[in-house]
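Written out below as structure tokens is the structure these notes cover.
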Amino acid sequence: MNRSLIKSRSVRPANARSRAQTRFDRLFREVEQWRERLAQWQAFEGPCMARIGQELEPLEVRYRVRCRDMAFLIDELLVAPPVGRPLGRQQRAKLVGLLTSLAASVLRDAASSAETDEDEALKALHDRYHEESFDAQNEAAIADTQQMLASFGVEISADELRGLSLPEMLAKVAGHLFEEGETEALQQAAAEAERRSTQSPNPARDRRAAAAEAKREQAEREVSQSVREVYRKLVSALHPDRETDPQERERKTALMQRVNQAYDARDLLTLLTLQIETEQISAADLTSAPDRRIEHYNQVLAEQCEELSEEVMGYVYRFGMVLPEHLPPDPKIVTPQLVEQLLGQDIQHLRGKIASLEADLVGFRDRKYLGAWLKGLR
């Protein structure tokens, strides 16, 4: 039995990788992946926003204008129907429903856009055919939204919600949740500090707490020291003032800029990559480093992963306005390529809706065309 125990605790082979080294490899890859995703979003944002401004937004304005034209045309047809068979009760009811729906949609969309002048004529048209005024409906919707948010512990004033589209409203809610999360964390930390300050003296507990705090501070100092050592080695090798050759001095100046930026950002991946690029170390040196140092590297890389992922998720939520509701905000699913594809589909779909509306604005004046159109409306 003793033999089996001894055998099971065999010495690790020389080429075997420790847990810290395995985690280092994984974190190294993850940081590279997050940086690549972030770079893609950063390169995509400008052209995408330009396309939204140059293609999508003008189409949205044109669509609202056509919807407004249709609302007033329907009013005209209800007052003076086209020549032919009189409009039946159901046909008139359908037209009234369409008119109020179009008017409300245009008013809401205009309120959430850059258009500042209220369309009083359109609002009056809506209110003439609807039992509840547009303003009353809007305030009721805001109250419902506030009530729903309050059930999740989110308090937002009506003024903050008034005039917002659904995506803008969701972004506002997300911002409040983030701020409240930070506030709650600070309050919990303050409450914990207050609780500890009012506890009765307990020497053993205090010694344990002090030891844990000292251990944490020491670990943080060691981590910072490991990063600082990498930085110092790079500075020592790349300082341009020590270089006499003009071209080499220029190259090292550029490298030093990258080194300083990486150190200021606590970007360990770039610092280690620069060490490999400048042949200070090899990839094999990283894998053979002591586990204690690798663990320090792992802590910094894990922090980088978290920071980069937060930046990427900011883009994912920012461009969520063009995503179908069933798609989760997963950066592996929501990519610049997908957003570009869906934005193109939205633009194409909007062009089709405008063409259809423009055809209907002509066709509705024909009694047969109007009758057939209303028959197909459910």
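The values are calculated or read from the model by the stated rules, or taken from the named source; none is laboratory data. Nothing here was measured: the structure is a model prediction, and the numbers come from that model. Counting neighbours? That spans all protein chains shown, and the Cβs are built from the backbone with ideal geometry, glycine included. We work out accessible area using only protein heavy atoms, side chains counted, and drop any ligands, DNA or RNA first. Shrake-Rupley method; radii C 1.70, N 1.55, O 1.52, S 1.80 Å.
Couple of notes before you dig in:
- Anisotropy class assigned to the stretch 49-92 is prolate, per the alpha carbon gyration tensor with a/c at or over the 1.5 cut-off and a/b larger than b/c.
- Using θ = phi - 60° in the Karplus curve 6.51 cos²θ - 1.76 cosθ + 1.60, the 3J(HN,Hα) couplings for the stretch 361-369 round to 4, 7, x, 4, 6, 9, 4, 5, 4 Hz; x is entered for Gly and Pro.
- Charge context of Gly344, other residues only, Cβ under 12 angstrom, K/R +1, D/E -1: -1
- Inter-label distance for Asp291 and Glu76, nm, one decimal - labels placed 7 Å from Cα along Cα-to-Cβ: 8.3 nm
- Taking 14 Å as the cut-off, the amide N atoms of the stretch 338-378 that come nearer than this to a point 7 Å along the Cα-to-beta-carbon line of Val83 belong to 365-368.
- Arg365 long-range amide H proximity, modeled H, under 5 Å: none
- Charged neighbours of Arg249, selected by a Cβ distance under 10 Å, balance to -2 (K, R count +1; D, E count -1).
- Per residue, the stretch 10-93 exposes 64 Å² of solvent-accessible protein surface, assessed with a 1.4 angstrom probe and all protein chains in place.
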